[in-house]
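**Q** A single structure is presented below for examination.
The values are calculated or read from the model by the stated rules, or taken from the named source; none is laboratory data. This structure is a prediction, so every number in the text was calculated from the model and none was measured. Every residue, glycine among them, receives a Cβ derived from its backbone with ideal geometry; neighbour counts consider all protein chains shown.
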Amino acid sequence: MKKRILEQVLSDLKHKVQARENALADLRLKAFENPEISKAQAEYARVKFDALMKGVKNDENIKKARLNYENALKKYGYGENAFEYQPICSKCNDTGFVDGKICSCVYNEYIARLKNECDIEARAPFSFADSNTSKMTREQTDAINKLYGFSWEYVSMYPNVKKHILVFMGATGTGKSCLAQAIARKAVDHGKSALVYSAYEFNTTCLNCHLAPIDEKDNILYNLMTADFVVIDDLGTEPMLKNVTCEYLQLILDERLRSGLTTIITTNLSEIQLKERYGERIFSRLCDAKHSLMRRIPGKDLRLS
Ligand SMILES: [Zn+2]
């Protein structure tokens, strides 16, 4: 997703520059159809060439011929630099690169499109800045603050992180979904792709893949398999589909782990319930200390207090 968006931004920039250059060339052609302008320009060019051949600099004749040419342009509404390309970005002169690195004009456009494709405003409206611990107990505040600190650091360090599965547990309304959203949001701000699914949507995508013809399966799972961050929100609320729910969850978790991509799961379920519902293999993946971080957010529903 990221590579495709960046390539698209660079390609659009190239086309935009080309279109502006073509428009300038057309404008120049049109202006030089005017005999007064073309004559003055030809005279200016001739005088300059003569002076060059004679090795003369700052010649009065050049100044006069130039003024004539400029006046002819002005007379018909053309500015002095009317035919010169004026770059939109002065940092990269519309090449898209500064010292071999992507220019900020390209990067900003890339981030805007990434946000759009990840639908991050709608999917993850909660940001780290929205954190509010005023209704929380001391225990809850400490736990949330610790997790927020960890998560902030985590996104900043990504992809150089050790844990690639983050499981946030806790009762409904304890802020685990908000935390997952804040991570996704910050990830996109950092130029990483992040997709937020409810467990139901995730399950439906897996079912669609399961039912699809073999040559369409990869396409359906492509974003799920390649996004830097995938959030599966409220695991346990989706219906259990035979040959789908557990099988695909396992497949996607393993594949993403192998690729060094991060999966975030939020759930109301306890460890025992997770084990019962998804089986030993998935459960051991979720609480494997080497690759996973499992945290419970204590407390009751904040929305009810
Ligand atoms: Zn630029």
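**Q** Within the range 153-163, does at least one residue satisfy the condition of being touching a strand residue (DSSP E or B) at 6+ places or on another chain (Cβ under 6 Å), in the same structural domain as S127 (by TED's automatic domain parsing) and modelled with pLDDT of 95 or more?
**A** From the range 153-163, those touching a strand residue (DSSP E or B) at 6+ places or on another chain (Cβ under 6 Å) are 163; that's our starting set.
From what is left, the residues that are in the same structural domain as S127 (by TED's automatic domain parsing) are 163.
Subsequent filtering for residues that are modelled with pLDDT of 95 or more retains 163.
Scanning the range 153-163 turns up at least one residue that is touching a strand residue (DSSP E or B) at 6+ places or on another chain (Cβ under 6 Å), in the same structural domain as S127 (by TED's automatic domain parsing) and modelled with pLDDT of 95 or more.
**Q** Hey, another quick one. Within the range 105-138, which residues are assigned to a helix (DSSP H, G or I), aliphatic (A, V, I, L, M) and in contact (Cβ under 8 Å) with a residue 60 or more places away in the chain?
**A** Initial filter on the range 105-138 (assigned to a helix (DSSP H, G or I)): 105-118, 120-123, 128-130, 138.
Now restrict to residues that are aliphatic (A, V, I, L, M): 106, 111-112, 114, 120, 122, 129.
Those that are assigned to a helix (DSSP H, G or I), aliphatic (A, V, I, L, M) and in contact (Cβ under 8 Å) with a residue 60 or more places away in the chain: V106, I111, L114, I120.
**Q** Give the range 98-120 a look and list any residue that's within 8 Å of the ligand (Cβ to nearest atom), more than 14 Å from the chain's Cα centre (by Cα) and surrounded by fewer than 17 Cβ atoms within 10 Å (Cβ to Cβ), or say none. Walk me through it before giving the result.
**A** Looking only at the range 98-120, we keep the residues that are within 8 Å of the ligand (Cβ to nearest atom), and these are 98, 103-106.
Checking which are more than 14 Å from the chain's Cα centre (by Cα) leaves us with 98, 103.
Hit for the range 98-120 is V98, nothing else.
**Q** Restricting attention to the range 18-26, does a residue exist that is in contact with a helix residue (DSSP H, G or I) (Cβ under 9 Å, 6 or more places away or on another chain), surrounded by fewer than 15 Cβ atoms within 10 Å (Cβ to Cβ) and in contact (Cβ under 8 Å) with a residue 60 or more places away in the chain? Break it down stepwise before answering.
**A** Taking the range 18-26 and keeping what is in contact with a helix residue (DSSP H, G or I) (Cβ under 9 Å, 6 or more places away or on another chain), we get none.
Within the range 18-26, not a single residue is in contact with a helix residue (DSSP H, G or I) (Cβ under 9 Å, 6 or more places away or on another chain), surrounded by fewer than 15 Cβ atoms within 10 Å (Cβ to Cβ) and in contact (Cβ under 8 Å) with a residue 60 or more places away in the chain.
**Q** Are any residues in the range 165-214 among the β-branched types (V, I, T) and either farther than 20 Å from L293 by Cβ or in contact with a Leu (Cβ under 7 Å, 6 or more places away or on another chain) (or both), and if so, which ones? If you could, list the steps in order and put the result at the bottom.
**A** Filtering the range 165-214 for residues among the β-branched types (V, I, T) gives 165, 167, 172, 174, 183, 188, 196, 204-205, 214.
Hits for the range 165-214 are I165, V167, T172, T174, V188, T204, T205, I214.
**Q** So, F202, is that one part of a helix (DSSP H, G or I) and surrounded by fewer than 19 Cβ atoms within 10 Å (Cβ to Cβ) or not? Working first, answer last.
**A** Values: part of a helix (DSSP H, G or I): yes; surrounded by fewer than 19 Cβ atoms within 10 Å (Cβ to Cβ): no.
In short, no.
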